[in-house]
Ligand code: NAD
Ligand code: DAU
């Protein structure tokens, strides 16, 4: 039996990973460690909160003593590490918070795992969930491969790159059994509306202006969050210790084309006149150091472990929009209070 610690399990991707792991690894215990920052929300997990194999622990990974205690007391054998500060715009405003959680927090977890596991590394795993942004920015062609040189360009991606380096350092220096995956942009249910897709859905619903950075020509490679969770589960089960796996959807969109598609789909749902919401598109000041394009080559994961995304983009977007329409309370709860202050400051 495994005791699997999932960090950041109350966040967007983490909550899908917690749910999938409970479904998939039925004999194992799932322990969700989360500091419940503005991005952490236990409402994401109400359906499984009473599951007999599930435990929630409120803990900040910046606290080494606390993290060590959690690993020891719960006899943790496997760690899937998602806890992070995840929003690029916030990293531009407050880079030190990203160093604290993403760098120091990750090293705390590595160190605590190393101390608690000692020489008994049989059936142990430290799985680090990372991002394609560590590879930098592509021009109009080409892809990120697992051996693409790191070239992070925002405080967020620099902090994630640093954490990846520490994970590899613990593998090479101490033999800690690690795996890293680097994924492209996720979207789907429970996505916090500071990120492009849920922010636009929320603003279209409320007929607020739709802030597109720069000329809207930056390209992102979008993957449905449940497909990412499935990829993590596959790699967790069958990935090779010490290896890195890229995860992506081969699904590139310029921001402006994506925002126009969202306008069309949400207008249809609201039975608005054709073209109504596109009029809300407003070009605003570009993000500082805005990476032009990300695109993942995920063929290693397909060839070695057989993972491919299950959903086409239009199907995934339709499911996502339906989820936001069916969960208006969730949306209202996360967009009141602090969010409004953030939004007013960010988009002033
Ligand atoms: P998120 O911001 O929605 O959730 C992050 C979670 O981590 C929250 O529950 C938060 O409370 C928790 N957390 C933050 N700081 C913490 C701390 N100091 N101690 C303990 N918990 C803390 O993030 P997400 O979008 O779900 O991303 C999860 C992971 O996946 C991150 O590591 C991110 O870098 C990576 N990732 C995200 C994407 C994406 O498109 N969202 C793509 C690739 C990789
Ligand atoms: O590539 C993986 C990364 O994807 C993850 O590691 C990050 O955690 C995640 O936040 C995401 O980063 P991005 O910066 O690509 O995502 P975001 O949704 O913030 O922005 C997507 C694109 O949309 C980007 O080019 C900036 C643009 N944008 C974003 C917002 C919030 C706008 O034009 N307007 C906006 O209001």
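Computed on segment 195-348, with alpha-carbon pairs under 8 angstrom and 6+ residues apart, the relative contact order is 34 percent. What does the C-alpha gyration tensor say about the overall shape of segment 1-119? Classify as rounded when a/c is under 1.5, otherwise prolate if a/b is larger than b/c, or oblate. Oblate, since a/c reaches 1.5 and b/c is not below a/b.
Spin-label model, residue 254 to residue 150: label points 7 Å out along the Cα-to-beta-carbon direction sit 3.3 nm apart.
Under a crude label model (7 Å from the Cα following the beta-carbon direction), how far is residue 1 from residue 319 in nanometres? Between residue 1 and residue 319, the simple spin-label model gives 3.2 nm. Across segment 40-151, C-alpha contacts under 8 Å between residues 6 or more apart give a mean separation that, scaled by the residue count, equals a relative contact order of 28 percent. Label-to-label distance, residue 55 versus residue 96, with points set 7 angstrom from Cα along the beta-carbon direction: 3.5 nm. Sorting 286, 60 by the number of Cβ atoms found within 10 Å of their own Cβ, with the fewest placed first, yields 286, 60. Across the chain, the relative contact order, built from alpha-carbon pairs under 8 Å that are at least six residues apart, equals 17 percent.
As a calculated quantity, the FRET efficiency between residue 327 and residue 172 at R0 = 35 Å, using C-beta atoms, amounts to about 0.20.
Counting only DSSP beta bridges with both residues in the chain, tell me the antiparallel percent, nearest 5. Roughly 10 percent of the beta bridges in the chain run antiparallel, per DSSP. Once you sort the root eigenvalues of the Cα gyration tensor of the chain as a ≥ b ≥ c, which label holds: rounded (a/c under 1.5), prolate (a/b larger than b/c) or oblate (the other case)? Prolate, since a/c reaches 1.5 and a/b exceeds b/c. Mean residue ellipticity, 222 nm, helices only, the chain: the sum of -39500 (n - 2.57) across DSSP H runs of n ≥ 4, divided by residue count and rounded to 500, is -12500 deg cm²/dmol. The long axis of helix 12-24 is offset from the longest Cα principal axis of the chain by roughly 50 degrees.
Values quoted throughout were computed directly from the atomic coordinates according to the rules given, and no laboratory measurement underlies them. Bear in mind the structure is a predicted one, so any value in this text is a computation, not a measurement. No Cβ is skipped: glycine too gets one built from the backbone with ideal geometry, and neighbour counts run over all protein chains shown.
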